[in-house]
Each structure stands twice: as structure tokens, then as C-alpha cells.
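Student: Pasting a structure below so you can have a look.
The values are calculated or read from the model by the stated rules, or taken from the named source; none is laboratory data. Since we're looking at a predicted model, the values are computed, not measured. FYI the Cβ positions are ideal-geometry reconstructions off the backbone, even for glycines, and counts take in every protein chain you see.
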Number of protein chains: 2
Amino acid sequence: MVDNQSRLSLAVVVASGGLDSCVTAALAARDHRLAMLHVDYGQRTVERERRAFHDIADALHAECRLVIPMDHLHRIGGSCLTDTTIAVPVHGIQPGLVPVTYVPFRNANLFAAAVSWAEVIGAAKVFVGINQVDSSGYPDCSESFLSAFNQTIRFGTRPETRIEVIAPLLKCTKADIVLRGIQCGAPFDKSWSCYQNNEVACGRCDSCRLRLAGFAAVGIRDPIPYLERPETHSLSQQAGT
Amino acid sequence: MVDNQSRLSLAVVVASGGLDSCVTAALAARDHRLAMLHVDYGQRTVERERRAFHDIADALHAECRLVIPMDHLHRIGGSCLTDTTIAVPVHGIQPGLVPVTYVPFRNANLFAAAVSWAEVIGAAKVFVGINQVDSSGYPDCSESFLSAFNQTIRFGTRPETRIEVIAPLLKCTKADIVLRGIQCGAPFDKSWSCYQNNEVACGRCDSCRLRLAGFAAVGIRDPIPYLERPETHSLSQQAGT
């Protein structure tokens with residue numbers, strides 16, 4: 001059952017252009033008109049990500065889009081994604097440790113901008129693609145962070161405003177995310193997740209590893225090009241793709 | 001009694017260059033080395049505010065400073081401070097109504113940037129000049145907002161990080177703020193509060209009115225120049241300044 005009123009309401013989607021935001025946007029598009037927001041914060045693959053964002057917004061017929069620079073995250077640094085003197089790790093994720101790919105408090109910066117936009121354009125929902133299961137262990141991708149942020153919105157916006165940040169993939173594994181993406185027709189081929197390459201994904205950084213493992217687990221071949229598909233090669237071969 | 005360890009620790013101060021942030025920075029400087037942050041978000045008096053910020057940072061011997069653009073607040077608009085097609089109100093504040101000077105969710109954007117910087121440079125405190133008593137009734141200047149934001153920081157930064165946003169003037173009247181500024185030697189003459197003028201304060205906008213009333217209440221003449229000092233003229237005359 002589709003609620004017509006909900007279908008007509010506007011929702012902001014914060015989208016990097018990666019797999020999770022691609023699926024999140026496709027899920028939001030089932031019941032909302034989309035106002036898609038992309039933030040350039042000086043990340044290594046900024047141009048590739050922006051291209052992915054626009055391709056996804058085109059594919060999902062976004063009603064409006066906003067691309068904003070957030071230079072301060074780049075200037076503040078503290079992460080290998082924003083400081084090119086810090087190497088991108090390629091040896092997998094160490095449980096319990098926050099990796100150097102963590103951009104300090106990044107999501108609070110991104111979500112705050114999204115809420116400002118939502119308050120002005122009258123959107124009651126802000127969809128984000130954060131995920132705390134098969135993720136890199138970022139504190140600003142946790143359920144407790146999200147819950148506290150929503151409390152902050154409640155008190156920090158106009159009393160008549162009701163804006164909520166919704167993370168439909170928060171508790172999904174990467175395999176679940178791929179499955180949900182298939183169900184809602186997410187344009188996987190338009191998305192980009194690699195932390196370090198712009199044309200052919202490296203297949204080795206944390207982000208590529210997590211993504212490839214998700215596709216492999218459901219026996220689907222990830223449609224984007226990779227330099228190598230180290231751990232998932234045999235799986236995807238077995239799936240006959 | 002001054003705690004030497006606390007004296008040596010670094011604190012981020014978010015400073016617009018206005019009266020409240022001037023006093024907040026002076027209070028923080030008593031026990032901390034200062035890392036001062038200023039955000040240009042396309043507000044009407046952006047250059048004058050930035051000059052005030054640097055003058056205050058100079059006067060308080062800030063150890064480091066960061067001036068960052070936040071163009072998206074200007075592009076998002078929704079406030080007379082960021083959208084010049086919306087007039088600045090000059091007829092006083094209407095209790096219970098959020099005025100058009102409110103920049104949607106602005107402080108969440110500013111504080112998020114400050115926390116990102118604090119996490120990278122190792123500052124455990126972020127001082128901000130928000131005030132909910134003699135203020136314009138902005139939701140993002142309330143105690144409930146601040147408390148929720150601190151909870152967001154707790155969950156959204158590295159587990160070993162302990163960063164807290166502190167608002168020493170939150171419950172002060174403007175008169176209290178002026179008194180506290182006098183006590184800690186705040187460089188009032190370097191500050192700038194007017195929402196619409198750059199060289200001589202208008203004396204009529206909400207921000208000028210609140211500031212002038214604060215000085216008038218304690219019988220001190222505000223050292224910055226005004227085009228007019230409408231409601232406080234007789235009071236400051238009585239005080240013989």
C-alpha cells in the first residue's frame with residue numbers, strides 16, 4: 001500500500017554517490033519526491049563521487065539537487081580521505097578500532113547542512129545511507145549517534161518543524177543492502193565507492209572490500225569495473241556472472 | 001585558584017565577532033590556550049564580523065585561528081541574514097515567535113565544524129556564545145539543543161575523545177554578559193553585533209537593541225559607534241558616560 005500523501009512529500013537524500021547512498025536514494029524515491037544533496041569536502045575521489053551523485057539523481061528523476069562545498073573538512077584534515085599525506089589502508093578493517101578513513105564528526109556536518117536545507121524547502125525527512133553493521137566502525141554511523149542527532153534537530157529547529165533523519169540501511173549487512181537495492185531497482189552501475197581511484201575501482205581499499213563482499217554474498221556481480229576483485233573472485237565466478 | 005593543567009589545555013572558541021562571543025572568548029582565555037574559529041556563511045555583515053573576529057583573536061592572543069567559508073548556509077537561505085531579499089526587522093522582538101533573523105539550524109552547522117576541528121587538534125572543550133535569555137528566541141540557542149548536541153558528540157566522535165560544547169553565557173541576561181565581560185577584560189571595542197551595517201552600527205536591528213539594552217542596564221556606554229541609540233540614550237546619559 002502506498003500512501004499518496006507520503007508519495008507527494010519532499011525528502012532530502014544525502015548522497016555521496018556510493019553504494020549505500022545509491023540504495024538509500026532508490027528506497028526514498030518509492031514514496032517521495034527527491035531533493036538530493038551532495039557534499040564536496042575535498043575527499044580524494046571528489047570528482048568521481050560527484051559524477052556518481054549526478055548519475056544517480058538523473059536515474060531517479062530527482063526534483064532538485066544541491067551540491068555544496070565543505071572545504072573546512074578538508075582543511076581540518078585528520079583523515080586519509082581528506083589528507084593525501086595519510087595513506088589509504090588496504091589491509092582490511094581491524095574490529096574495535098576507528099580507522100584513519102574516519103573523517104572526524106563528518107556526518108554531523110553533512111546532516112546539519114541537510115537539515116538546514118530541509119527546514120527551508122519544507123522536507124520532513126532526511127534520508128542518509130549510514131550503516132553500522134558491515135561498516136568501517138565509524139562512530140558517526142552508529143544508531144546512538146543518529147538517535148542523539150534527531151533529538152538535536154527536535155530542539156534546534158523551529159517548533160512547527162518536524163524533521164527526522166532516517167537511515168533505512170542502518171542495521172543491514174552489505175549483502176542485505178545489495179538485495180534491497182535489487183528489489184527497488186537501485187542504479188548500482190551509476191554508483192562509486194572506491195576511496196582512491198577515479199576510473200577503475202581498486203578493489204583493495206576498505207570501501208571496495210566491503211562492497212565486493214556484499215555483492216559476492218548474494219552471488220551477484222558488481223557492475224562497476226575493478227582493477228582486482230581479490231577475495232570475491234571465486235564467489236562471483238561460482239555465481240556464473 | 002587556577003588549575004595549571006586546565007590553563008595549558010587548548011579550547012576551541014566559536015566566535016562571530018559579536019558581543020557574546022567576545023565575552024565568551026575572554027572567559028575561555030582565563031584558563032585555556034585559544035583556538036579560535038570563525039565561520040563566513042554569507043551573512044550581510046560578513047567582512048565586518050571577520051574583522052571583529054581577528055581583532056578579538058589578536059587582543060586575546062589566540063594560539064591559532066581558523067576562518068572557514070560555509071557557503072551552503074547562504075545558498076540555502078531562509079533567513080534575512082543570508083538572503084538580502086528578506087528585510088532585517090527593526091521593530092523589536094515578538095516573544096514566542098522565531099524571527100526571520102534565524103538561520104535554519106545554523107548553530108548545528110557551526111558547532112559540528114568546531115567539533116571536527118577540536119577532535120583533530122585535541123581540544124576537549126568548545127566554547128560558544130549562545131544565550132537563551134535576552135536572545136532573539138532562536139531554537140538553536142536553547143539549553144535543550146545544547147544538551148542534545150553534546151550527546152551527539154559523545155556518540156559521534158572517537159570513543160577516546162571527550163569533547164564538550166560549553167556555553168558560559170547561556171543563562172545570562174545581556175546585562176550579566178556585559179558585567180562578566182568587564183570582569184574578565186573582554187575587548188568590547190573590538191566586537192561587532194549589528195545585523196545590517198558595517199562601519200557605524202544601526203542601533204535599530206534586534207541585535208543592536210539587545211546589545212544597547214545590556215550596556216544601558218549596567219550604566220556603561222557601549223564603546224562602538226552607533227547611528228542612533230534609541231531606547232537606551234537617556235539611561236546612558238544618566239550614567240554620565
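Student: With respect to B:ILE177, is the statement that it is surrounded by 21 or more Cβ atoms within 10 Å (Cβ to Cβ) and farther than 30 Å from B:PRO95 by Cβ true?
Tutor: Answer is no for this residue.
Student: Here's another thing I want to ask about it. For A:ASP40, which of the numbered conditions (1) surrounded by 17 or more Cβ atoms within 10 Å (Cβ to Cβ); (2) away from chain B (no Cβ under 14 Å); (3) within 18 Å of the chain's Cα centre (by Cα) fails to hold?
Tutor: For A:ASP40, the failing item is (2).
Student: So, in the stretch B:94-109, how many residues would count as being within 7 Å of chain A (Cβ to nearest Cβ) and outside any helix (DSSP H, G or I)?
Tutor: Of the residues in that region, 3 qualify.
Student: Here is a further query. Provide a single number: the residues in the stretch B:140-181 that are within 17 Å of B:PHE105 (Cα to Cα), within 19 Å of the chain's Cα centre (by Cα) and not in a loop (DSSP other than H, G, I, E, B).
Tutor: Adding up the residues that qualify gives 10.
Student: Here's a follow-up. Would you mind finding the one in A:PHE149, A:PHE215, A:PHE155 that is within 30 Å of B:ARG154 (Cα to Cα), aromatic (Phe, Trp, Tyr), crowded, with 17+ Cβ neighbours inside 10 Å and touching a residue at least 12 places away in the same chain (Cβ under 8 Å)?
Tutor: A:PHE149
Student: Would you mind stating whether A:TYR41 is closer than 30 Å to B:LEU66 by Cα and touching a residue at least 60 places away in the same chain (Cβ under 8 Å)?
Tutor: Yes, satisfied.
Student: If you take the residues in the stretch B:46-85 that are within 14 Å of chain A (Cβ to nearest Cβ) and charged (D, E, K, R), which one is surrounded by the most Cβ atoms within 10 Å (Cβ to Cβ)?
Tutor: Result: B:ARG75.
Student: Assuming B:LYS174 fulfils every condition listed in (1) among the charged types (D, E, K, R); (2) more than 25 Å from B:GLY96 (Cα to Cα); (3) in contact (Cβ under 8 Å) with a residue 40 or more places away in the chain apart from one, which condition is it?
Tutor: For B:LYS174, the exception is condition (2).
Student: What are the residues in the stretch B:112-134 that are at the interface with chain A (Cβ under 9 Å from one of its Cβ atoms), touching a residue at least 40 places away in the same chain (Cβ under 8 Å), touching a Ser or Thr at 6+ places or on another chain (Cβ under 9 Å) and of a type outside the set (Val, Ile, Thr), if any?
Tutor: B:ALA118, B:GLU119
Student: Can you spot a residue in the stretch B:76-85 that is over 27 Å from A:VAL39 (Cα atoms) and out of contact with any Lys or Arg (no Cβ under 9 Å at 6 or more places or on another chain)?
Tutor: no
Student: Checking B:GLY137 against (1) in a loop (DSSP other than H, G, I, E, B); (2) crowded, with 22+ Cβ neighbours inside 10 Å; (3) free of Cβ contacts under 8 Å to residues at least 60 places away in the same chain: exactly one of these is not met. Which one?
Tutor: Only one criterion is unmet by B:GLY137, namely (2).
Student: Now a separate question. Scan the stretch A:44-56 and give yes if some residue there is under 27 Å from B:VAL39 (Cβ atoms), modelled with pLDDT under 95 and not in a helix (DSSP H, G or I), otherwise no.
Tutor: yes
Student: Oh, and also: How about the stretch B:182-191: which of its residues are assigned to a helix (DSSP H, G or I) and either touching a strand residue (DSSP E or B) at 6+ places or on another chain (Cβ under 7 Å) or within 22 Å of B:ARG48 (Cα to Cα) (or both)?
Tutor: B:PHE188, B:ASP189, B:LYS190 - these are the residues of the stretch B:182-191 that are assigned to a helix (DSSP H, G or I) and either touching a strand residue (DSSP E or B) at 6+ places or on another chain (Cβ under 7 Å) or within 22 Å of B:ARG48 (Cα to Cα) (or both).
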